1. What's the number of the condition Ser124 fails, among (1) among the polar types (S, T, N, Q); (2) modelled with pLDDT of 95 or more; (3) open to solvent by 60 Å² or more (accessible area, probe 1.4 Å)?
2. Within region 12-20, identify whether any single residue is in contact (Cβ under 8 Å) with a residue 40 or more places away in the chain, more than 22 Å from Ser124 (Cα to Cα) and part of a loop (DSSP other than H, G, I, E, B), and answer yes or no.
3. Answer yes or no: is there a residue in region 15-33 that is out of contact with any strand residue (DSSP E or B) (no Cβ under 6 Å at 6 or more places or on another chain), within 17 Å of Ala92 (Cβ to Cβ) and hydrophobic (A, V, I, L, M, F, W, C).
4. Which ones in region 59-71 are part of a strand (DSSP E or B) and open to solvent by less than 70 Å² (accessible area, probe 1.4 Å)?
5. Given the criteria open to solvent by 50 Å² or more (accessible area, probe 1.4 Å) and under 16 Å from Val5 (Cα atoms), does Asn74 qualify?
6. So if I check each of Val56, Val48, Val93, which one is within 14 Å of Thr33 (Cβ to Cβ), part of a strand (DSSP E or B) and either open to solvent by 70 Å² or more (accessible area, probe 1.4 Å) or of a type outside the set (Asp, Glu) (or both)?
7. Quick one: count up the residues across region 21-45 that are in contact with a Cys (Cβ under 9 Å, 6 or more places away or on another chain) and either crowded, with 21+ Cβ neighbours inside 10 Å or in a loop (DSSP other than H, G, I, E, B) (or both).
Amino acid sequence: QVQLVESGGGLVQAGASLRLSCAASGRTETIMTMAWFRQAPGKEREFVAAVDKRAVRTNYVDSVKGRFTISRDNAKNTVYLQMNSLKPEDTAVYYCAARLGSIPSDRQSHYDYWGQGTQVTVSS
């Protein structure tokens, strides 16, 4: 099995930056794609970004393009989400996900493992 633990969330002002981290443990050799999703209260979980094993392919939701960057360090079994120019609408619980497939999919059902989430709150 694979375990995912997110960190790096917090309370920041609009325009600030945060970097989220997700550390994987267990059978990490089986992971091909890693991703970030987010969920605000009263809303359904939505895709944010994904990256393949060698960080050749990335995928972002339109609302974060140009502001967020997903990256990974396979030696550390860690994926990151650098979030710049944060907006109040970015406020959500951010979840790390991992899948055995190689395509950086935006579909929740394609992911096999999930972290418990880290809270990001952006004030105006």
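1. Here Ser124 meets the rest and fails (2).
2. Within region 12-20 (the criterion being in contact (Cβ under 8 Å) with a residue 40 or more places away in the chain, more than 22 Å from Ser124 (Cα to Cα) and part of a loop (DSSP other than H, G, I, E, B)), the answer is no, since none of the residues qualifies.
3. yes
4. Asn59, Tyr60, Phe68, Ile70, Ser71, listed by residue number.
5. yes
6. Only one candidate passes the filter, namely Val48.
7. The qualifying residues number 6.
The values are calculated or read from the model by the stated rules, or taken from the named source; none is laboratory data. Not measured: the values here are computed from a predicted model. Please note: Cβ atoms are built from the backbone with ideal geometry, for glycine as well, and neighbour counts cover all protein chains shown. Accessible surface is based on the protein model in full, side chains and every heavy atom, while ligands, DNA and RNA are left aside. Shrake-Rupley method; radii C 1.70, N 1.55, O 1.52, S 1.80 Å.
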